[in-house]
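Novice: Can you read through this structure? Questions will come right after.
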Amino acid sequence: MRPLLLVLVSLLYGLPLSAAVRLPKFFADHMVLQRRKPVPVWGWADAGERLTVRFNGQSKSVKAGKDGRWRVDLDPMEAGGPFALTVQAKSGTTTLADVLVGEVWICSGQSNMEMKVSGSANATEEIAQANHPRIRHFAVRRATALAPQTDVEGTWQVCSPATVGGFTAVGYQFAVALMQRLNVPIGLMHTSWGGTHSETWTSREALESDPELQKAAARIPAPNDTIRSIQNKPNLYGTLLYNAMLHPLIPMAMQGVIWYQGESNAGRAYQYRTAFPLMIEDWRRQWNRQLPSAGAFPFLFVQLASFSAKNGDSQTGSTWAELREAQAMTLRLPNTGMAVASDVGESKDIHPKDKKTVGLRLAAEALRVAYPTEGGGSDASRGPMFEQLSVSGREAVVKFRYVGMGLVARDKYGYLTGFEVAGADGKFHYAQARITGDSVVVVSPEVAAPVAVRYGWADDNKDVNLYNREGFPAVPFRTDTWKGITEQARF
C-alpha cells in the first residue's frame, strides 16, 4: 500500500516520485563561494541516499536524512576559480559550472538598495565600463511567506555591460571598490524590497522576544492561516520578508551585510533604536545557530540621505533626523559601520541617484571592519563623530573623534554650515562655527548662554559641510536629549 499511497500523494500535490538531487537555487552556475570560511553546501535527495560533493580538490560525502535533507561543509579556501562543483548520488548528478571563490556580501533593505545601476547617476558610462567578470550578482525574486521558507527564486549573473544595468547600484559600486582593493572575486546576494520597514525583515521569534515589538509579532497570522493579498503587502505584518527572502539563505557562507533602509521607519524613529539593533542581532543569531563560525559578522549600513520629507527641522521636529540618530546609536553593536549620505541626497527625490559615493563609503567601512589587515582600513572612514561638548561664555566647543588628518570645511570660502545652538529655552538658532584643531567652536549672537548644539538636524540636511581631510563627512548629531517627536509612535 505504501508505494500506491506515495503515487497518489505525488499525483495530488504535483510532487516528483523521486526526490533526485536538488540544491537551493542560488547554488547555480556563476555563483561565488566565500573564501577563508567553512562553506556549507546543502540540499535535498532521496531519504537515506548517499551523496558526494566535489569542489576544488575537496571531496565530502554525506547521507541524506529521513526528510531528504543533507549538508556538507567544505573546508576554508583561498580566492580563485573558476571551478566546477559536483554533487553525485544514485538518483542523479548535479554540476555547477564557473564557480568562483571570493568575498560574498548580502545586499538588503528597501528601495535605495533596490535601485538599479540603470537608474543611477552616470548610468550610461557606468554600464559601458562594467567589464568585471569576477563580480557576480544574484537577485532574490520578491516573495512573502507566513512561515520560514527553504528556497528562493533567482539567477546568478556575471557582471558585464549587458547585465550590470539590473544590479543593485549601491552593491555594484561597493563590489567594484572592494574587488579593486582586495583583488578577489565578489559575489552580491541581493535581497531587498522597496518601501519596507525593518520589522518585516525580522524573525517572528525575535519580535516576540522584545516587549516593544510584541505587537508587531501579534499581528502575524499563524503559518497555517490563509490570508489574501499579502503577496504585494510586505508591511502588512512583520517577518514576511524574513521568512521568504532571508531565511532560505541561511546558513550560506558570507562575509557580511550591507543595508540601506530606514525611510519607512522614520515615523517611528525612536522605536528604531530598538527595532534595528534587534534585527541585526536576530540575523547574526540565526546564522550562528546553523554556522557557529559566522560570529558577529560585519553589518554595514547607510545613514539616511537628505530629503524634504516633511520639511522638519530643529524648530518643528524632524523624523528623519531622529531616524539618523537611531542609526548612529546602532554603531554600539560590534562589527558595525555606517556610511553618511547627507551630502548626496536630493531634496525632491527620496531616491538620490549618486550611488557611487555611497558604495565607496560602504567599501571604506568594509575595509575598516571586515578587512583591517588586508584592506588597510582607517578609523577616518567613520567620519568625524561628536565626542564632547564644553561651554566657555557664549561659545560652545564641540570636540570630535575620527578626525583623521584633521577637520575641514568643504566650502570655497571655508565657512562651516549646518550648526545650530540653543540656550536653556530650547530654541535653536543658526550659528557661526569655526574649526579649532579637533573641535568646532559654535556661537550665535542670539544665545548668550549655550547649553545644546545640533548639526545637520533636519529632514533635508544637505547643507552640512564638515569633513575630515580624508573626505568623509561628519555624522549629524545633537548634544541634547530633549524629547523628540517620534517617542510615542509605535508599530
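Novice: Considering only residues that are within 25 Å of LEU100 (Cβ to Cβ) and part of a strand (DSSP E or B), look in the range 55-66 and name the one that is least open to solvent (accessible area, probe 1.4 Å).
Specialist: Restricting to residues being within 25 Å of LEU100 (Cβ to Cβ) and part of a strand (DSSP E or B), the top hit is PHE55.
Novice: Going by the structure shown, is ALA206 at pLDDT below 90, part of a helix (DSSP H, G or I) and either of a type in the set (A, V, I, L, M) or open to solvent by 10 Å² or more (accessible area, probe 1.4 Å) (or both)? If you could, list the steps in order and put the result at the bottom.
Specialist: Numbers: at pLDDT below 90: no; part of a helix (DSSP H, G or I): yes; either of a type in the set (A, V, I, L, M) or open to solvent by 10 Å² or more (accessible area, probe 1.4 Å) (or both): yes.
Judged against the criteria, ALA206 is not a match.
Novice: When the residues of the range 336-364 are filtered to those that are in contact (Cβ under 8 Å) with a residue 60 or more places away in the chain and in contact with a strand residue (DSSP E or B) (Cβ under 7 Å, 6 or more places away or on another chain), which remaining residue is nearest to ALA474 (Cα to Cα)?
Specialist: Taking the candidates together, the pick is VAL340.
Novice: Counting only residues that are polar (S, T, N, Q), under 20 Å from ALA366 (Cβ atoms) and open to solvent by 10 Å² or more (accessible area, probe 1.4 Å), how many does the range 107-123 have?
Specialist: Step one: of the range 107-123, the residues polar (S, T, N, Q) are 108, 110-112, 118, 120, 122.
Restricting the remaining residues to those that are under 20 Å from ALA366 (Cβ atoms) gives 108, 112, 120.
So of that shortlist, the ones also open to solvent by 10 Å² or more (accessible area, probe 1.4 Å) come out as 120.
So the answer is 1.
Novice: Would you check if THR357 is modelled with pLDDT of 95 or more and not in a loop (DSSP other than H, G, I, E, B)?
Specialist: yes
Novice: Something else: Please name all residue pairs, on different chains or six or more residues apart, with Cβ atoms under 6 Å, provided the first residue is in the range 153-164 and is farther than 9 Å from ALA139 by Cβ and the second residue is of a type in the set (S, T, N, Q).
Specialist: Listed by first residue and then by second, the contacts come to THR163/GLN157.
Novice: A follow-up question, please. Go through the residues of the range 403-423 one by one and say whether even a single one is under 20 Å from ALA328 (Cβ atoms) and exposed (fewer than 15 other Cβ atoms within 10 Å of the Cβ).
Specialist: no
Novice: Please go through the range 106-125 and pick out each residue that is charged (D, E, K, R), under 23 Å from PHE307 (Cβ atoms) and part of a helix (DSSP H, G or I). Give the derivation first.
Specialist: Just the residues of the range 106-125 that are charged (D, E, K, R), to begin with: 114, 116, 125.
With the extra rule that they be under 23 Å from PHE307 (Cβ atoms), the set shrinks to 114, 116.
GLU114 - this is the single residue of the range 106-125 that is charged (D, E, K, R), under 23 Å from PHE307 (Cβ atoms) and part of a helix (DSSP H, G or I).
Novice: Pull up the range 391-409, narrow it to residues that are among the aliphatic types (A, V, I, L, M) and under 34 Å from the mean Cα position of the chain (by Cα), then point me to the one that is nearest to PHE419 (Cα to Cα). Please lay out each step first, then the result.
Specialist: Within the range 391-409, the first condition is being among the aliphatic types (A, V, I, L, M), and the residues that meet it are 391, 396-398, 403, 405, 407-409.
Okay, now just the ones that are also under 34 Å from the mean Cα position of the chain (by Cα), so 398, 403, 405, 407-409.
On the way: VAL398: 11, VAL403: 17, MET405: 22, LEU407: 15, VAL408: 14, ALA409: 12 Å.
Within the range 391-409, the match that is nearest to PHE419 (Cα to Cα) is VAL398.
Novice: Which of (1) in contact with a strand residue (DSSP E or B) (Cβ under 6 Å, 6 or more places away or on another chain); (2) of a type in the set (S, T, N, Q); (3) surrounded by fewer than 21 Cβ atoms within 10 Å (Cβ to Cβ); (4) closer than 30 Å to SER118 by Cβ is the odd one out, the single condition GLN303 does not satisfy?
Specialist: All conditions are met except number (3).
Novice: With respect to the numbered conditions (1) part of a strand (DSSP E or B); (2) surrounded by fewer than 17 Cβ atoms within 10 Å (Cβ to Cβ); (3) within 29 Å of the chain's Cα centre (by Cα); (4) not aliphatic (A, V, I, L, M), which one is the sole condition not fulfilled by THR52?
Specialist: Of the numbered conditions (1) part of a strand (DSSP E or B); (2) surrounded by fewer than 17 Cβ atoms within 10 Å (Cβ to Cβ); (3) within 29 Å of the chain's Cα centre (by Cα); (4) not aliphatic (A, V, I, L, M), the odd one out for THR52 is (3).
Novice: Residue check, GLY393 against (1) among the small types (Gly, Ala, Ser); (2) open to solvent by 40 Å² or more (accessible area, probe 1.4 Å); (3) in contact (Cβ under 8 Å) with a residue 40 or more places away in the chain, all met but one. Which one?
Specialist: (3)
Novice: Ok, one more. Would you say ALA409 is touching a Leu at 6+ places or on another chain (Cβ under 8 Å) and modelled with pLDDT of 95 or more?
Specialist: Details: touching a Leu at 6+ places or on another chain (Cβ under 8 Å): yes; modelled with pLDDT of 95 or more: yes.
The answer is yes for ALA409.
Residue by residue, here is whether (1) at pLDDT 95 or above; (2) more than 17 Å from MET329 (Cβ to Cβ); (3) open to solvent by 60 Å² or more (accessible area, probe 1.4 Å); (4) touching a Pro at 6+ places or on another chain (Cβ under 9 Å) holds:
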residue: VAL442; (1), (2), (3), (4): yes, yes, no, yes
residue: PRO445; (1), (2), (3), (4): yes, yes, yes, no
residue: ASP459; (1), (2), (3), (4): yes, yes, no, no
residue: ASN468; (1), (2), (3), (4): yes, yes, no, yes
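Novice: What's the number of the only condition in (1) in contact with a helix residue (DSSP H, G or I) (Cβ under 7 Å, 6 or more places away or on another chain); (2) of a type in the set (A, V, I, L, M, F, W, C); (3) under 17 Å from PRO148 (Cβ atoms) that PHE297 fails to meet?
Specialist: Checking PHE297 against (1) in contact with a helix residue (DSSP H, G or I) (Cβ under 7 Å, 6 or more places away or on another chain); (2) of a type in the set (A, V, I, L, M, F, W, C); (3) under 17 Å from PRO148 (Cβ atoms), the one that fails is (3).
Novice: Please enumerate the residues belonging to the range 34-49 that are open to solvent by 10 Å² or more (accessible area, probe 1.4 Å), part of a loop (DSSP other than H, G, I, E, B) and not charged (D, E, K, R).
Specialist: Across the range 34-49, the qualifying residues are PRO38, ALA47, GLY48.
Novice: In the set VAL184, VAL152, VAL170, VAL140, which member is closer than 20 Å to PRO82 by Cα, of a type in the set (Val, Ile, Thr) and modelled with pLDDT of 95 or more? Steps first, answer last, please.
Specialist: Numbers: VAL152 fails: closer than 20 Å to PRO82 by Cα; VAL170 fails: closer than 20 Å to PRO82 by Cα; VAL140 fails: closer than 20 Å to PRO82 by Cα.
VAL184 is the lone residue from the list that is closer than 20 Å to PRO82 by Cα, of a type in the set (Val, Ile, Thr) and modelled with pLDDT of 95 or more.
Novice: Here's a follow-up. Being under 19 Å from the mean Cα position of the chain (by Cα), among the charged types (D, E, K, R) and more than 30 Å from ASN224 (Cβ to Cβ) is the filter here, so list the residues in the range 123-147 that pass it.
Specialist: Within the range 123-147, ARG136 is the sole residue that qualifies.
Novice: For residues that are under 18 Å from HIS30 (Cα atoms) and either crowded, with 24+ Cβ neighbours inside 10 Å or among the aliphatic types (A, V, I, L, M) (or both), tally how many sit in the range 75-106.
Specialist: Qualifying residue count, the range 75-106: 15.
Novice: On to the next question. Take residues that are among the charged types (D, E, K, R) and tell me which of the strands (runs of 3 or more DSSP E) falling wholly in the range 385-472 contain 1 or more. Reasoning before the result, please.
Specialist: Working: elements: 385-392, 395-401, 407-409, 419-422, 428-430, 432-436, 439-443, 452-455, 466-468.
Strands (runs of 3 or more DSSP E) meeting the threshold: 385-392, 395-401, 419-422, 432-436, 452-455.
Novice: Quick check: is even one residue across the range 250-266 over 23 Å from ALA169 (Cβ atoms), surrounded by fewer than 20 Cβ atoms within 10 Å (Cβ to Cβ), of a type outside the set (Phe, Trp, Tyr) and without any contact (Cβ under 8 Å) to a residue 60 or more places away in the chain?
Specialist: The answer is yes, given that some residue of the range 250-266 is over 23 Å from ALA169 (Cβ atoms), surrounded by fewer than 20 Cβ atoms within 10 Å (Cβ to Cβ), of a type outside the set (Phe, Trp, Tyr) and without any contact (Cβ under 8 Å) to a residue 60 or more places away in the chain.
The values are calculated or read from the model by the stated rules, or taken from the named source; none is laboratory data. All values reported here derive from a predicted model rather than from experimental measurement. Positions of Cβ are generated from backbone atoms using ideal geometry, with glycine treated the same way; all protein chains shown enter the neighbour counts. Each accessible area value is taken on the protein alone, full model and side chains, heavy atoms only, with ligands, DNA and RNA left out. Shrake-Rupley method; radii C 1.70, N 1.55, O 1.52, S 1.80 Å.
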